[in-house]
1. Which count do you get for residues in segment 30-53 that are of a type in the set (Asp, Glu) and either surrounded by 12 or more Cβ atoms within 10 Å (Cβ to Cβ) or in contact with a helix residue (DSSP H, G or I) (Cβ under 8 Å, 6 or more places away or on another chain) (or both)?
2. Search segment 83-119 for residues being in a helix (DSSP H, G or I) and without any contact (Cβ under 8 Å) to a residue 24 or more places away in the chain, and hand back the single one that is nearest to VAL60 (Cα to Cα).
3. When you scan segment 54-70, do you find a residue that is under 17 Å from PRO105 (Cβ atoms) and out of contact with any Pro (no Cβ under 7 Å at 6 or more places or on another chain), even just one?
4. Within the group ASP95, ASP56, ASP116, ASP73, which residue is closer than 15 Å to LEU4 by Cβ and either surrounded by fewer than 14 Cβ atoms within 10 Å (Cβ to Cβ) or touching a helix residue (DSSP H, G or I) at 6+ places or on another chain (Cβ under 6 Å) (or both)?
5. Working only within segment 1-56, note down all residues that are at pLDDT 95 or above, in a helix (DSSP H, G or I) and touching an Asp or Glu at 6+ places or on another chain (Cβ under 9 Å).
6. State which residue pairs qualify: first residue of a type in the set (Val, Ile, Thr) and inside segment 15-28, second residue surrounded by 10 or more Cβ atoms within 10 Å (Cβ to Cβ) in any location, beta carbons under 9 Å apart, and separation of 6 or more residues or different chains.
7. Inspect segment 59-67 for any residue being basic (Lys, Arg) and closer than 15 Å to VAL5 by Cβ and give the result as yes or no.
Amino acid sequence: MRYLVLLIGDGAEKPWPEQTEDEQSAAMEKFGAFDAACREREGVELLAGEALSGPDDATVMRTSSEGRVALTDGPYAEVIEGMGGFYLLEAPDLDVVVELLRVLPRYDIQIHPTVDVTL
């Protein structure tokens, strides 16, 4: 099964640009450890993963029932923190995903199974 993992916030007490070089290096080591743990785990494949720019760079697109498109700056109003990044991975089950994610820096994390839609 595929899972989309959303990393909420920036994973640390301080935003990435405010962290020291040592703090950033320590975080990057954890991301590397997560990648290695995924490669070593049978039945797990890390399909994609990226860090995201800050919430000020986000654009929200809303389409009305009449088909009008409205673009607004910033994340959804309901979101207090922006997304720090994401992973898309193939894993046997949610328990494996949760076990692997424990390697990452501290984040609030949303895990979403994907839906296989064949057209």
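The values are calculated or read from the model by the stated rules, or taken from the named source; none is laboratory data. The structure displayed is predicted, hence computed values, not measured ones. Every residue, glycine as well, gets a Cβ built from its backbone with ideal geometry; the counts of neighbours run over all protein chains shown.
1. So the answer is 2.
2. Checking each candidate, the answer is VAL98.
3. Yes, there is a match, as at least one residue in segment 54-70 is under 17 Å from PRO105 (Cβ atoms) and out of contact with any Pro (no Cβ under 7 Å at 6 or more places or on another chain).
4. Just one listed residue meets the conditions, ASP116.
5. Scanning segment 1-56 gives ALA37, CYS38, ARG39.
6. THR20/LYS14
7. no
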